[in-house]
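Report on the structure given below.
The values are calculated or read from the model by the stated rules, or taken from the named source; none is laboratory data. A quick note: this is a predicted structure, and the numbers were derived from the prediction, not measured. Because the Cβ atoms are built from the backbone with ideal geometry, glycine has one as well, and the counts that use them run over all protein chains shown. In case anyone asks, the SASA skips ligands and DNA or RNA and just uses the protein heavy atoms, side chains included. Shrake-Rupley method; radii C 1.70, N 1.55, O 1.52, S 1.80 Å.
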Amino acid sequence: MAEQAPRLRAHLDHIELNSPDPAGLAEFYQRALDMQLEELGGGRWLCRAPQRRLLIAKGSRKTIAFGAYAVENAALLAALRDSAARAGIAIEPSPTPLFAGDAFAVVDPDGKRIAFGVPAKRAKAKPVKVLPARLQHLVFGSDDVQRVADFYEHQLGFTVSDRVFDKRGRLTNCFLRADRGDHHILAIFPAAEKKLDHHCYESIDWGSIRDWSDQLSSRGIPIAWGPGRHGPGANLFIMVRDPDGNWIEVSAELEQVAAERPPGVWQSGPEVANRWGQPRLSM
Ligand SMILES: [Fe+2]
């Protein structure tokens, strides 16, 4: 049995979505989330606002090129790279221009690419007043949740906050965090195919959920699910869809977890997705 990886300390820094129309999708994120746009060349767009940024590149709709987790400094990054290599993971070149040169990437059992790095210094975006929401977590759908969750926990050092099991005792959802803090920075949900489920921006409180709902709807972006409160993580949420069909979550009051908290166990049921009852409709 391979040794357990040291506990990861990282946060979600950015993602890269693929789209058949990167410019059009970037304009949507500008309108929805007040992001400033910058064309990086090759049809790739950087969308950014305080505490949130994403890349959009040419590719198939509803797919993610990679998720990018930032670690605090070069020493932690080197230790993570060493432990990943010791765990037998192939180390690949970094796919992102937003991390410094020593960043790297790994590929999970479902083929999802994850970059780790220290953010590169960039010219600051124009200071603007926008509603607060920091890019916070990423969720993948998988037809083998156990295998993918094991990879992130045992080989990369993510810490499990909560597991959800069905009546037959199979793992259906797994919520993973860094060693402490946000309840999850990554989660794996059940799906018939391996896919991106959603990405999430964490705001402040119930009032900010109201403000985001008002802003999004006034800009012609209807709330597609919520408001509600999730089971694991207990966060308030709303969800909207972008023009490609990607689900975007705005949440608030996500549970903050101490390093020593043992993993929680849930039985699958409607209260896992929404304690207030309304289920998510079609994906
Ligand atoms: Fe979420």
### Summary
All-but-one check, Leu80 against (1) part of a loop (DSSP other than H, G, I, E, B); (2) in contact with a Leu (Cβ under 8 Å, 6 or more places away or on another chain), failing number (1)
### Query
Given (1) touching a Pro at 6+ places or on another chain (Cβ under 9 Å); (2) in contact (Cβ under 8 Å) with a residue 60 or more places away in the chain; (3) closer than 30 Å to Leu171 by Cβ, where does Ala84 come up short, assuming only one miss?
(1)
### Query
Just for region 173-212: of the residues that are among the β-branched types (Val, Ile, Thr) and open to solvent by less than 40 Å² (accessible area, probe 1.4 Å), which one is farthest from the ligand (Cβ to nearest atom)?
Ile209
### Message
Please verify whether Arg280 is at pLDDT 95 or above, more than 16 Å from Gln136 (Cα to Cα), within 15 Å of the ligand (Cβ to nearest atom) and part of a loop (DSSP other than H, G, I, E, B), treating the condition exactly as stated.
### Response
no
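Scan region 222-237 for residues that are in a loop (DSSP other than H, G, I, E, B) and buried (at least 19 other Cβ atoms within 10 Å of the Cβ) and jot them down. Give the steps one after another, and end with the answer.
Let us first name the residues in region 222-237 that are in a loop (DSSP other than H, G, I, E, B), namely 222-224, 230-235.
Correct list: His230, Gly231, Pro232, Gly233, Asn235.
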### Residues located in region 115-172, provided they are on the phi > 0 side of the Ramachandran plot and free of Cβ contacts under 8 Å to residues at least 24 places away in the same chain
Gly169
## Note on the structure
Screening Val250, Val240 for residues that are more than 12 Å from the ligand (Cβ to nearest atom), in a strand (DSSP E or B) and in contact (Cβ under 8 Å) with a residue 60 or more places away in the chain leaves only Val240
### Residue pairs meeting the criteria (Cβ under 9 Å; at least 6 apart or on separate chains; first in contact (Cβ under 8 Å) with a residue 60 or more places away in the chain and farther than 9 Å from Asp162 by Cα, in region 257-268; second surrounded by 13 or more Cβ atoms within 10 Å (Cβ to Cβ) and among the hydroxyl-bearing types (Ser, Thr, Tyr))
Val257/Thr159; Val257/Ser161; Ala259/Thr159; Arg261/Thr159; Arg261/Ser161; Ser268/Thr172
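Among Gln146, Gln215, Gln155, which is more than 12 Å from the ligand (Cβ to nearest atom), modelled with pLDDT of 95 or more, over 15 Å from the mean Cα position of the chain (by Cα) and buried (at least 20 other Cβ atoms within 10 Å of the Cβ)?
Result of the check over Gln146, Gln215, Gln155: Gln155.
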#### Entry: Failed item, numbered, when Arg113 is tested on (1) within 22 Å of Glu193 (Cβ to Cβ); (2) open to solvent by less than 40 Å² (accessible area, probe 1.4 Å)
(2)
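For every residue, the table says whether it meets (1) assigned to a helix (DSSP H, G or I); (2) modelled with pLDDT of 95 or more; (3) open to solvent by less than 40 Å² (accessible area, probe 1.4 Å); (4) farther than 21 Å from Ser94 by Cα.
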| residue | (1), (2), (3), (4) |
| --- | --- |
| Gln4 | no, no, no, yes |
| Asp13 | no, yes, yes, no |
| Leu40 | no, yes, no, no |
| Cys47 | no, yes, yes, no |
### Query
If you go through region 27-36 one residue at a time, do you hit one that is of a type outside the set (Asp, Glu), within 30 Å of Ala259 (Cβ to Cβ) and open to solvent by less than 70 Å² (accessible area, probe 1.4 Å)?
no
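For Arg86, indicate whether it is over 27 Å from Asp34 (Cβ atoms) and basic (Lys, Arg).
Considered against the rule, which asks whether it is over 27 Å from Asp34 (Cβ atoms) and basic (Lys, Arg), Arg86 comes out as yes.
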